[in-house]
Amino acid sequence: MDAASIEALLPQTQCTRCGYEGCRPYSEAIARGEAGINQCPPGGARTIEALAALLGREPLPLNPANGIEQPERVAFIDEERCIGCARCLPPCPVDAILGASRLMHTVLAGDCNGCELCIPACPVDCITMIPREPASPPPTPRENRARYDAHLARTATRREARAQLLAARKREAG
Ligand code: SF4
Ligand code: SF4
Ligand code: SF4
């Protein structure tokens, strides 16, 4: 089975709970026969059943080593405690945190996919996960993927600009 068909069934939060860098690497590992179909907590039983049907296998329980299924949650920043260090910005795969250096930060709940990747980045532990408001539905896998692709593109552009700047400075100095 091709990895793209497998990836199309994954939630696209890029949370890494499956043990891989993101949904695409996990789908590639399944396609190679190196990963089980039961390692994605955000997808839970529904994703396992869809993968089992696609691959002609028996559904399995979610592997507890990868985590548990949880109700939809979003990140929340305690703005009183936020020191504006901006360390939570780079890990967010969908750029759902607004703020700049030395300014208070806040989460765009509509874009947040609950991946929790921002939490370990915060030096003052002011990010927590809270239940998602019923009136604010979670982003779809397609939205998650589109935002992640945009994030990757922005990151690559910044990296390239930085490399060019460094090269120019070296030329000037040299
Ligand atoms: S959403 Fe599932 S497949 Fe994607 S990174 Fe998270 S655990 Fe892995
Ligand atoms: S704000 Fe935090 S929990 Fe929400 S998508 Fe970004 S990194 Fe993940
Ligand atoms: S990492 Fe924590 S303290 Fe730093 S900007 Fe983000 S929320 Fe604020």
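Derivation of every value follows stated rules applied to the coordinates shown; laboratory data play no part. What you see is a predicted model; the values in this text were computed from it and never measured. Counting neighbours? That spans all protein chains shown, and the Cβs are built from the backbone with ideal geometry, glycine included.
I'd like the FRET efficiency for ASP95 and GLU72, computed as 1/(1 + (r/R0)^6) with the beta carbon distance as r and R0 of 22 Å, rounded to 0.05.
It comes to 0.70.
Taking 4.7 Å between C-beta atoms as the pairing limit, the chain has these partnerless cysteines: CYS18, CYS23, CYS40, CYS82, CYS85, CYS92, CYS112, CYS122, CYS126. Compared with the alpha-carbon gap, the fully stretched path from MET104 to ALA45 is longer by 17.5 nm at 0.36 nm per residue.
Any chance you could check the Cα centroid distance between the range 61-81 and the range 1-40 for me, in angstrom? Distance between centres, Cα-based: 19 Å. In summary, the convex hull built on the alpha carbon positions of the range 118-160 has an orientation-averaged projected area of 4.6 nm². Normalised by the number of residues in the range 80-174, the average gap of Cα pairs under 8 Å and 6 or more apart makes the relative contact order 25 percent.
For VAL74, the residues whose modelled amide H falls within less than 5 Å of its own, excluding neighbours fewer than 5 places apart on the same chain, are ILE130, ARG132.
Close amide-amide hydrogen proximity is noted between CYS85 and ARG102, each under 5 Å apart and 5 or more residues distant or on a separate chain (H modeled in the peptide plane; Pro and chain starts excluded).
The mean sequence separation of alpha-carbon pairs under 8 Å and at least six residues apart, normalised by the residue count of the chain, gives a relative contact order of 19 percent.
Run the dipole for the chain about the Cα centre, Lys and Arg Cβ at +1, Asp and Glu Cβ at -1, nothing else charged, and hand back the magnitude in debye, nearest 20.
Details: 20 positive and 21 negative charges, 160 e Å.
Using Cβ point charges on Lys, Arg, Asp and Glu, the chain gives about 760 debye.
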